[in-house]
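K.L.:
Dropping the structure in here first, questions after.
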Amino acid sequence: MVLHLTNRRKGEILMAIAGIGMAIGAISISVPQLAYAGLCITGLGIVSMFWR
């Protein structure tokens, strides 16, 4: 399988990674609302990868 990294794919991967980083950072400073928001951002990135 060849993965063609278009700008759209790069953005989706970046969004998923940023959401995970946001969740980990929020957990480390004990802000659960931001951790949930980070997980939601990660979910949106993953769903948009498979939407098309």
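The values are calculated or read from the model by the stated rules, or taken from the named source; none is laboratory data. This one's a predicted model, so the numbers in the text were calculated from it and none came from an experiment. Glycine gets a Cβ as well: all are built from the backbone with ideal geometry, and neighbour counts include every protein chain shown. Remember, those area values only see protein heavy atoms, side chains included, never the ligands or the DNA or RNA. Shrake-Rupley method; radii C 1.70, N 1.55, O 1.52, S 1.80 Å.
K.L.:
Consider segment 1-30. How many of its residues are of a type in the set (D, E, K, R) and exposed (fewer than 13 other Cβ atoms within 10 Å of the Cβ)? Step through it out loud before you land on a result.
P.N.:
Step one: list which residues in segment 1-30 are of a type in the set (D, E, K, R), which gives 8-10, 12.
Among the residues that remain, those that are also exposed (fewer than 13 other Cβ atoms within 10 Å of the Cβ) are: 8, 10.
Qualifying residue count, segment 1-30: 2.
K.L.:
If I ask for residues that are open to solvent by 90 Å² or more (accessible area, probe 1.4 Å) and of a type in the set (Ser, Thr, Tyr), which ones from segment 31-52 would you list?
P.N.:
Kept after step one, since they are open to solvent by 90 Å² or more (accessible area, probe 1.4 Å), are these residues of segment 31-52: 33, 36, 39, 44, 50-52.
Of everything in segment 31-52, just one residue is open to solvent by 90 Å² or more (accessible area, probe 1.4 Å) and of a type in the set (Ser, Thr, Tyr), namely TYR36.
K.L.:
Every residue in the chain that is β-branched (Val, Ile, Thr) and at pLDDT 90 or above, please.
P.N.:
Pass one, the chain, residues β-branched (Val, Ile, Thr): 2, 6, 13, 17, 20, 24, 27, 29, 31, 41-42, 46-47.
Across the chain, the qualifying residues are ILE13, ILE17, ILE20, ILE24, ILE27, ILE29, VAL31, ILE41, THR42, ILE46, VAL47.
K.L.:
Quick check on my filter: what residues within the chain are assigned to a helix (DSSP H, G or I) and hydroxyl-bearing (Ser, Thr, Tyr)?
P.N.:
SER28, TYR36, THR42, SER48
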